[in-house]
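Read through the structure below, which is laid out as structure tokens, and then see the notes.
The values are calculated or read from the model by the stated rules, or taken from the named source; none is laboratory data. The structure presented is a predicted model; accordingly, all values stated were derived computationally and were not measured. Don't worry about glycine lacking a Cβ; one is built from the backbone with ideal geometry, like all the others, and counts go over all protein chains shown. Note: areas computed on protein heavy atoms with side chains; ligands, DNA, RNA excluded. Shrake-Rupley method; radii C 1.70, N 1.55, O 1.52, S 1.80 Å.
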Amino acid sequence: AGGDVRDETVPNLIQLITNTSELHCYTVHKLYRVLLTDISQQPLVQVACWCIGEYGDLLLKGECQETEAVQVIY
């Protein structure tokens, strides 16, 4: 939806991710890749930044079975 999402969408998505521990690794990897390619969708960037802040350790470990390994530069 790009930048045209309801105000409550960002916190609702963050709550969904928080409550579903099986998604933490997969989500942080996918959102990190999104940020590498496109930062034009502000709500998606907000969710991605929150997830990286919260689950960045999973991103650095590279132990996610569902995604390819990603080279994280910090």
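Brief remarks on what is shown
- Computed label-point distance, nm, for sites Glu63 and Arg33 using a 7 Å Cα→Cβ extension: 2.1 nm
- Between 0 and 90°, nearest 10: helix 24-37 axis offset from the chain longest Cα axis: 70 degrees
- Taking all protein chains as they are arranged and a probe of 1.4 Å, the heavy atoms of Asp38 leave approximately 60 Å² accessible to solvent.
- Here the calculated FRET efficiency for Asn19 and Cys49, from their Cβ-Cβ distance with R0 = 25 Å, stands at 0.85, rounded to the nearest 0.05.
- Angle in degrees between helix 9-19 and the longest Cα principal axis of the chain, rounded to the nearest 10: 40 degrees
- Per-residue [θ]222 nm for the chain (sum of -39500 (n - 2.57) over DSSP H runs n ≥ 4, rounded to 500): -20000 deg cm²/dmol
- Residues whose amide H falls under 5 Å from that of Gln41, counting only those 5 or more places apart or on a different chain, are absent, with hydrogens built in the peptide plane.
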